[in-house]
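Worksheet for the structure shown next.
The values are calculated or read from the model by the stated rules, or taken from the named source; none is laboratory data. Computed from a predicted model, the values in this text were never measured in an experiment. Cβ placement follows ideal geometry from the backbone for every residue including glycine, while neighbour counts extend to all protein chains displayed.
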Amino acid sequence: MPDNSLEERGRALENQFFDKQDKQKLAAMKEKLETQTSREELRKASGMTDDAVLDKLVSLGLKANTIAALSLVPLVSVAWADGEIQENERVAILQGAQGKSLEEGTPGYELLQSWLSRKPTEELFNAWESYIKALAGQLNDEQNRVLKNQIVGFAKMVATSAGGILGFGKVSGTEEKVLAKIEAAFVR
């Protein structure tokens, strides 16, 4: 009888060992799948194609809705730079939001609508700026350049969307100041 008991305990221990290994393998596979899914969601939300930047953002815990909101703060700031949002600026921001998974009816879209109807406080831009400075410190020079070019490019698109006369004066002095603040956020 003692042999059977010892044999059963050995099998139970063996089963427990393999069960633990299987659970670890499953957890690793699940984590890898979640990382790939997060990367693809970030790719769609941000328009970024650089896998190294995307992987870094995923490793920092960013999600698609976070990156979408991040990219819109500078756009909203530029649009409000003159004290009011022109219709072309509003349209440009809303078009940009659609490409970032912020469709009508989503909480992010509702937040954006509130920013477009009532000028956000300077604290919102300051929070974005602090976040970007911290993020830029985590990225290498090339990754930082890619992120900066994307965000500044979208902000300039909003600034130029309001018009001007024969292509002159498309970006106002106050918009230029906001654009300079956006660019400065990426300086380490």
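Conditions (1) within 17 Å of the chain's Cα centre (by Cα); (2) of a type outside the set (Ser, Thr, Tyr); (3) on the phi > 0 side of the Ramachandran plot, marked per residue:
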| position | (1), (2), (3) |
| --- | --- |
| ASN88 | no, yes, no |
| LYS100 | yes, yes, no |
| LEU112 | yes, yes, no |
| ASN144 | yes, yes, no |
| SER161 | no, no, no |
| THR174 | no, no, no |
| ILE182 | yes, yes, no |
| VAL187 | no, yes, no |
Can you pull out every residue in the range 131-146 that is of a type in the set (A, V, I, L, M, F, W, C) and either without any contact (Cβ under 8 Å) to a residue 24 or more places away in the chain or farther than 18 Å from VAL76 by Cβ (or both)?
ALA134, LEU135, ALA136, LEU139, VAL146
Can you tell me which residues in the range 28-74 are within 12 Å of LEU147 (Cα to Cα), modelled with pLDDT under 70, crowded, with 16+ Cβ neighbours inside 10 Å and among the small types (Gly, Ala, Ser)?
SER46
Condition first: of a type in the set (A, V, I, L, M) and either assigned to a helix (DSSP H, G or I) or under 23 Å from PHE186 (Cα atoms) (or both). Now tell me which residues in the range 87-113 satisfy that.
VAL91, ALA92, ILE93, LEU94, ALA97, LEU111, LEU112
Farther than 18 Å from LYS148 by Cα, at pLDDT 80 or above and not in a loop (DSSP other than H, G, I, E, B): which single residue out of SER77, SER5 fits that description?
SER5
Check GLY173, GLY167 and return the single one that is closer than 24 Å to THR121 by Cβ and at pLDDT below 90.
GLY173
Name every residue in the range 114-124 that is in a helix (DSSP H, G or I), over 18 Å from the mean Cα position of the chain (by Cα) and surrounded by 14 or more Cβ atoms within 10 Å (Cβ to Cβ), in order of residue number.
LEU116
